[in-house]
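The values are calculated or read from the model by the stated rules, or taken from the named source; none is laboratory data. As the structure is a prediction and not an experimental result, all values here were calculated from the model. When we count neighbours, we look across all protein chains shown, and the Cβ atoms used for this are built from the backbone with ideal geometry, even at glycine.
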Amino acid sequence: MTKTRLSEEIYRAMFENAGVGITRVDLKGALVDINQTFCDMVGYTRDDLLGRPLSEITHPDDYNEGAGFRNQLTHGAKKSATGEKRFIHKDGSIIWVQRTMSIVNDDEGEPQYVISIVENISQRKQVERRQMIEHAVTLLLADARSIAEAIPRVIQIMSETLGYAYGARWVLDPTDRVLHSTESWCTAEPAVEEFRRKSTSRIETETPGKPGGLNRTVWATAAPVWIADVEKESALKRRESAQQAGLRSAFAFPIPVGGEFYGVMEFFGREVRPRDERILEIARTVGHQVGQFIARKQAEAALQEANDQLTAKAQQLSRSNAELEQFAYVASHDLQEPLRMIASYTQLILRRYGDRFDGDAKEFMDFIVDGATRMKQLIEDLLAYSRVGTHGKAFRPTDSGAAVQKALANLRAAIESTAGKVTADPLPTINADEFQLVQLFQNLIGNALKFKGAQTPHVHISVKDEADNWTFSVKDNGIGIDAEYFDRIFMVFQRLHSRTDYPGTGIGLAICKKVVDRHGGRIWIESSAGMGSTFWFTVPKKGEDVHD
Ligand code: ADP
């Protein structure tokens, strides 16, 4: 025995007691020697394996990996090499190993064997694989725009990473109570493609008491199903076509959406595979991820639809508002002309024939004149009201203090006749239609003077600077209003008093509301009968013209 070689005894001891698997393979790839650890790893006895090619227990996708290495080593290119490969365990499961191979030469330096140290890394691989799938699916679902776009990619990632040849999603049609396939993926092999075609054209119907092989069982139990060997699964309707395509195992799991059964994801693979809880664990996670994604997309779609409906309604409303405004404008404008005729001809009759009228006729003529005058006022008010929408000016920075002063100038007669006092805090510059702002203050202050109580009227205007708005108030010490009328007073021609008590047509506050609306604000009143009133209105600081 030469110094350079280990004694047979030492070699044996190391070989047998090593915590890692050791194989010795001849140059044709046949197993010459294996230790117990290796046998345990792959589930065979030494007798099962000795003399047989290593390729018999190698995963088909890794056939070339070992032969390639052996070639390199025996041709002297390298002395040793390391790589990962898959063995198929006796029970059909896949064993991932890390292998370090060295060449053993005889005394003449001729290569004789390849000795490999084999370490089981399946556990690590499983963890890596799981992380990879979950990570890839998370990224994919975060970016995907639609379910139809995302699912085929999810199926592909799962199939490729877990080693499956075909996958599909099935969705429950809740009305017809059937499952039908929506998206699918398969490897580019004619036989598998044919299976995919046959499979996805199926419709699974509910069969109480006979849950079927795969999808229908998942549907009936809302739990994952594992088919280790398709051949042994007589309940599987697609057994024959799967076998024809070389597909020998399958699994499927439910997709829950909002806690309800929504559909199934299924996969078919080429090898017989014992139930693998780790794969089912991944399936459960992916099922939930996909379910959440679907729920999110459904919520988004519902929101979008509601939004679209709302936008359509808003457009419709603004169209009919504009039409109404136009109608009110045209009607009131055109009514003025015949009214003017009535008024002037009545006056003419009075002038020419007045002295021939008896008492009754005179009184009747007075009613006609009074009616025509009132109608004129109403029509003018209506016209003013419709002009708020149709004749508004663009918003510009406007000194609201100056607007109050203009309103007061217009109200001089009323202030003098009531001896009223009008005071105001310093007021800001706001974004508004100046003419309409004057109109707004004029109507509010005018009312405050008009609806005065026993005391001399005192009106005070102030403003609050709020985050998004200016909130103005016009406060008086007048007769006040009962809360039950708060809404009514802002409507066109709605008044609470007779014309003899307080003159007016009931349009003033309707105009105020329209002006405030157009500026994007809100108007309301705080009052109680006999206690004075405070009118509040806001003007947004952004000052968008909501009508234009
Ligand atoms: P008008 O002043 O022509 O009656 P408005 O639309 O301006 O029409 O007002 C509607 C009604 O609201 C009034 O008839 C009155 O009853 C009530 N009102 C308005 N302003 C005040 C106020 N400052 N104090 C008490 N009541 C008021």
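When you go through (1) among the hydroxyl-bearing types (Ser, Thr, Tyr); (2) within 12 Å of the ligand (Cβ to nearest atom); (3) modelled with pLDDT of 90 or more; (4) not in a strand (DSSP E or B) one by one for residue 456, which number turns out not to apply?
In the conditions (1) among the hydroxyl-bearing types (Ser, Thr, Tyr); (2) within 12 Å of the ligand (Cβ to nearest atom); (3) modelled with pLDDT of 90 or more; (4) not in a strand (DSSP E or B), residue 456 misses (2) alone.
Given (1) in contact with a strand residue (DSSP E or B) (Cβ under 7 Å, 6 or more places away or on another chain); (2) near the ligand (Cβ under 8 Å from one of its atoms), identify the lone condition not met by residue 497.
It is condition (1) that residue 497 fails.
Residues of segment 475-532 being closer than 24 Å to residue 438 by Cβ, assigned to a loop (DSSP other than H, G, I, E, B), more than 40 Å from the chain's Cα centre (by Cα) and of a type in the set (D, E, K, R), which ones?
Result: 476, 495.
Mind listing whichever residues of segment 517-536 are crowded, with 22+ Cβ neighbours inside 10 Å, within 15 Å of the ligand (Cβ to nearest atom) and not polar (S, T, N, Q)?
532, 535
Just for helices (runs of 4 or more DSSP H) wholly inside segment 116-219: which have at least 1 residues that are of a type in the set (Lys, Arg) and at pLDDT below 90? Spell out how you get there, then give the answer.
On the way: elements: 122-143, 147-162, 190-200.
Counting at least 1 such residues, we get 122-143.
Using beta carbons and a limit of 7 Å, which pairs, at least six apart or on different chains, have the first residue in segment 499-518 and at negative phi and the second one charged (D, E, K, R)?
Going by the 7 Å Cβ cut-off, the qualifying pairs are 502/450; 505/381; 507/381; 516/522; 518/545.
Is it true that some residue in segment 504-515 is of a type in the set (Gly, Ala, Ser), modelled with pLDDT of 85 or more and more than 13 Å from the ligand (Cβ to nearest atom)? Talk me through it step by step, then tell me what you get.
Initial filter on segment 504-515 (of a type in the set (Gly, Ala, Ser)): 504, 506, 508, 510.
Imposing the further condition that a residue be modelled with pLDDT of 85 or more reduces the set to 506, 508, 510.
Next, only the ones that are more than 13 Å from the ligand (Cβ to nearest atom) stay: none.
No: segment 504-515 contains no residue that is of a type in the set (Gly, Ala, Ser), modelled with pLDDT of 85 or more and more than 13 Å from the ligand (Cβ to nearest atom).
Restricting to segment 82-105, and then to whatever is in contact with an Asp or Glu (Cβ under 9 Å, 6 or more places away or on another chain) and over 15 Å from residue 21 (Cβ atoms), can you tell me which residue is modelled with the highest pLDDT? First the steps, then the outcome.
Step one: list which residues in segment 82-105 are in contact with an Asp or Glu (Cβ under 9 Å, 6 or more places away or on another chain), which gives 83-88, 90, 92-94, 96-100.
Filter again for over 15 Å from residue 21 (Cβ atoms), leaving 92-94.
Details: 92: 83, 93: 83, 94: 86.
For segment 82-105, the residue satisfying everything is 94.
Exactly one condition in (1) within 8 Å of the ligand (Cβ to nearest atom); (2) touching a helix residue (DSSP H, G or I) at 6+ places or on another chain (Cβ under 8 Å); (3) farther than 19 Å from residue 422 by Cβ; (4) modelled with pLDDT under 90 is false for residue 485; which is it?
Of everything listed in (1) within 8 Å of the ligand (Cβ to nearest atom); (2) touching a helix residue (DSSP H, G or I) at 6+ places or on another chain (Cβ under 8 Å); (3) farther than 19 Å from residue 422 by Cβ; (4) modelled with pLDDT under 90, residue 485 misses just condition (2).
I'm trying to understand the selection: among the residues of segment 385-413, which are under 23 Å from residue 493 (Cβ atoms) and surrounded by fewer than 19 Cβ atoms within 10 Å (Cβ to Cβ)? Give the steps one after another, and end with the answer.
Narrowing segment 385-413 to residues under 23 Å from residue 493 (Cβ atoms): 385-392, 407, 410-411.
Matches in segment 385-413: 390, 391, 392, 410.
When segment 427-444 is examined, which residues are found to be more than 9 Å from the ligand (Cβ to nearest atom), crowded, with 23+ Cβ neighbours inside 10 Å and over 12 Å from residue 402 (Cα atoms)?
Those that are more than 9 Å from the ligand (Cβ to nearest atom), crowded, with 23+ Cβ neighbours inside 10 Å and over 12 Å from residue 402 (Cα atoms): 432, 436, 439, 440.
Among the numbered criteria (1) under 18 Å from residue 404 (Cα atoms); (2) within 10 Å of the ligand (Cβ to nearest atom); (3) crowded, with 21+ Cβ neighbours inside 10 Å, which one does residue 539 miss?
Going through (1) under 18 Å from residue 404 (Cα atoms); (2) within 10 Å of the ligand (Cβ to nearest atom); (3) crowded, with 21+ Cβ neighbours inside 10 Å one by one, residue 539 breaks only (2).
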